[in-house]
Amino acid sequence: MTHGAVQRGLWPTAPQVAGAPVDCRAMQVYKVGGSVRDALLGHPASDCDWVVVGGTPQELVAAGYTPVGGDFPVFLHPQTHEEYALARTERKTGVGYHGFRFHAAPDVTLEQDLSRRDLTINAMAQDGSGRLIDPYGGQRDLASKLLRHVSPAFAEDPVRILRVARFAARFTDFGIADETMALMRQMALGGEVDALVPERVWQELSRGLMEACPSRMFEVLRGCGALARLLPEVDLLWGVPQRAEHHPEIDTGVHLMMVLDMAARLGAGLAVRFACLGHDLGKGGTPADVLPRHTGHEGRSVRLVRRLSQRLRVPNDCRELAELVAREHGNVHRSGEFDAGALLRLLERCDALRRPRRLDEILQACECDARGRLGRRDMPYPQGERLRLAQRAALRVDTAEVAQTAAARGLSGQRIGQAIHAARAAAVEVALRVS
């Protein structure tokens, strides 16, 4: 339904600047987007976004709001700090995410503003009396559990492909309308996604990785053809076989999806989930004549993780962990067979003595890899506790005392380091023997 007559004045009420009274009676303020959608779904309240119809930037500034918008007028409420945007329309002027010209003026209607949004479930508003304004059928699509684009203007912004994929990962029981999927395929085929800036790709990818079912994001991107353009290293993994005794699910792409969903199940943080995404990238480059073996894939995975991270400008903490997991996950899996010396060397390569908390992230990613396999979802991962035991024993060694004793014996430089390593290895051996 359309809105008709609406409440006058700002909602919530805007403060007035001393000596500069502002007549806000012509303004109409609506709650819009995700907070309206989530309330209808009965989900916990999210941050509210607001649209102001009939107002000007000068009026909002005079009422005490802080302008923060770059491309279009957005303001922060002086008390709640929630975002208030002037109703606007947009016109495509070039390729990519930045190829738009925005028009914000008092004559832009709420329906015009909502029409530029991506999905019908995100194109609803609520006025000050709590009445729903739903000109594009968002409530109907919520009931039908359907992600559907609002208008053909969807095709003008390639970020929306990533957003639909991310929403599919969040709302796991929602489907995607056939016409929306067809439009996304056309966009991918037309090369529009190639113009996306790295920061926007990473922003949506990182948010999708943190959703309830990350695999759905990649399935949607792959289904519309966008994955091959955005993350070709990942797209190559489907159809690559693995040894059945280690991977009953066989297909490397299928395995990756199971690993990502296991990371969500275990409540892993973003760095761990990105490490899961990159741990097997090198298998996409295994020569066909040696399949299903993947000898040397660890080194290839490290190089591909590094290249992908540079391309998308991935934060350093995510990149560093992903490189470590790509290089060492096989050794972590085999660590149950390692003696004290080999365990200590593994800990040192993982920088787990200098940065003890790093080990927990590595082990969680490796556990996701081990349990993200057909029939192994609920299997224990004893390698984790054995490596933590070795780490605790090594960290209990008083390295200052060892160094002082070694120096008293006339040792220096590298030989002092060797003495510390030997003391730690002895401590680990004792801990393994008594455990």
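Which of the residues spanning region 416-435 are under 15 Å from ARG388 (Cα atoms) and either crowded, with 16+ Cβ neighbours inside 10 Å or touching a residue at least 60 places away in the same chain (Cβ under 8 Å) (or both)? Once the filter is applied, which keeps residues that are under 15 Å from ARG388 (Cα atoms) and either crowded, with 16+ Cβ neighbours inside 10 Å or touching a residue at least 60 places away in the same chain (Cβ under 8 Å) (or both), region 416-435 yields ARG424, ALA425, ALA427, VAL428, GLU429, ALA431, LEU432.
What's the total number of residues in region 304-317 that are crowded, with 16+ Cβ neighbours inside 10 Å and either at pLDDT below 95 or not polar (S, T, N, Q) (or both)?
Qualifying residue count, region 304-317: 6.
So is HIS255 in a loop (DSSP other than H, G, I, E, B) and not small (Gly, Ala, Ser) or not? Judged against the criteria, HIS255 is not a match. Counting only helices (runs of 4 or more DSSP H) that sit wholly inside region 118-203, those with at least 3 residues that are under 20 Å from the mean Cα position of the chain (by Cα), surrounded by 21 or more Cβ atoms within 10 Å (Cβ to Cβ) and not aliphatic (A, V, I, L, M) are 159-170.
Hey, among the residues in region 322-334 that are hydrophobic (A, V, I, L, M, F, W, C) and farther than 15 Å from SER206 by Cα, which one's surrounded by the most Cβ atoms within 10 Å (Cβ to Cβ)? So, considering only residues that are hydrophobic (A, V, I, L, M, F, W, C) and farther than 15 Å from SER206 by Cα, the one surrounded by the most Cβ atoms within 10 Å (Cβ to Cβ) is VAL325.
Within the option set GLY284, GLY278, GLY269, being under 16 Å from HIS255 (Cα atoms), surrounded by fewer than 24 Cβ atoms within 10 Å (Cβ to Cβ) and assigned by TED's automatic domain parsing to the domain that holds LEU324 holds for one residue only, GLY284. Which residues, counting only those in region 33-61, are buried (at least 17 other Cβ atoms within 10 Å of the Cβ) and over 21 Å from ASP118 (Cβ atoms)? Across region 33-61, the qualifying residues are GLY54, GLY55, GLU59, LEU60.
Restricting VAL197, VAL193, VAL220 to residues that are without any contact (Cβ under 8 Å) to a residue 40 or more places away in the chain and either of a type in the set (D, E, K, R) or over 17 Å from PHE274 (Cα atoms) (or both) narrows the list to VAL193.
Look at (1) part of a helix (DSSP H, G or I); (2) surrounded by fewer than 17 Cβ atoms within 10 Å (Cβ to Cβ) and you find that MET217 fails only one, number (2).
When restricted to residues that are of a type outside the set (Val, Ile, Thr) and over 27 Å from GLN310 (Cβ atoms), region 224-255 contains 10. When you scan region 385-404, do you find a residue that is in the same structural domain as GLY267 (by TED's automatic domain parsing) and under 27 Å from GLU249 (Cα atoms), even just one? No, the conditions are met nowhere in region 385-404.
The values are calculated or read from the model by the stated rules, or taken from the named source; none is laboratory data. Every value quoted in this text rests on a predicted model; they were computed, and no experiment measured them. Note that each Cβ is placed from the backbone with ideal geometry, even for glycine, and that neighbours are counted across all protein chains shown.
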